[in-house]
Amino acid sequence: MLRAAVFAALCVTLSAGAHVLLSGRPLPTPAVAMVSLGVFVLALTLAGERERGFAAIAALLVPLQLAADTVFTAGQGACYGPGAAPTPGPLRLFGVDVVCAGGDVGTPLARLVADGPRPLAEAPGHAAGPWLLLAAHVAVGLAAAGWLRGGE
């Protein structure tokens, strides 16, 4: 359990920090908690005596990274809207306060990059932006799989 907890804490900390730095917006605590719980349960389920190869690790790690990014992005969109300010209006009346309650993760990092250039995926006239972000996610997932394989 300790190994799974340390793995989840490291993975989610790196992922959340990178997401905040690249998006320029903090993450809602419940989104980070949900991803942390999912990574912990998965790591605990897969823990064992058997050594896994690069392909098996990458086949799990890349989709997991994309799923975490999706949860983080959805949480940011629901809680903060297009900017870094909380979402006003009727959305708050339909339970978003429950999702967005509990504070923000990465607010100092978001402030650090808030005045910088907009992320490539949001920059106008860059149709390749989302594809570049997807390629970056896959490349980082494969690099992390190689790193984890070395640790096995």
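The values are calculated or read from the model by the stated rules, or taken from the named source; none is laboratory data. Computed from a predicted structure; not experimentally measured. Here the Cβ is made from the backbone with ideal geometry for all residues, glycine too, and neighbour counts use every protein chain on show. Note: areas computed on protein heavy atoms with side chains; ligands, DNA, RNA excluded. Shrake-Rupley method; radii C 1.70, N 1.55, O 1.52, S 1.80 Å.
Couple of notes before you dig in:
- For residue 105, residues with placed amide H under 5 Å, excluding near neighbours: 27, 29
- Accessible area per residue for the stretch 1-52, computed on protein heavy atoms with a 1.4 Å probe, is 58 Å².
- Per-residue HN-Hα couplings for the stretch 16-30 [Karplus 6.51, -1.76, 1.60; θ = phi - 60°; Hz; x = Gly/Pro]: 5, x, 5, 5, 5, 5, 7, 8, x, 10, x, 10, x, 4, x
- A simple spin-label model places pseudo-atoms 7 Å from Cα toward Cβ; at residue 49 and residue 142 they are separated by 3.4 nm.
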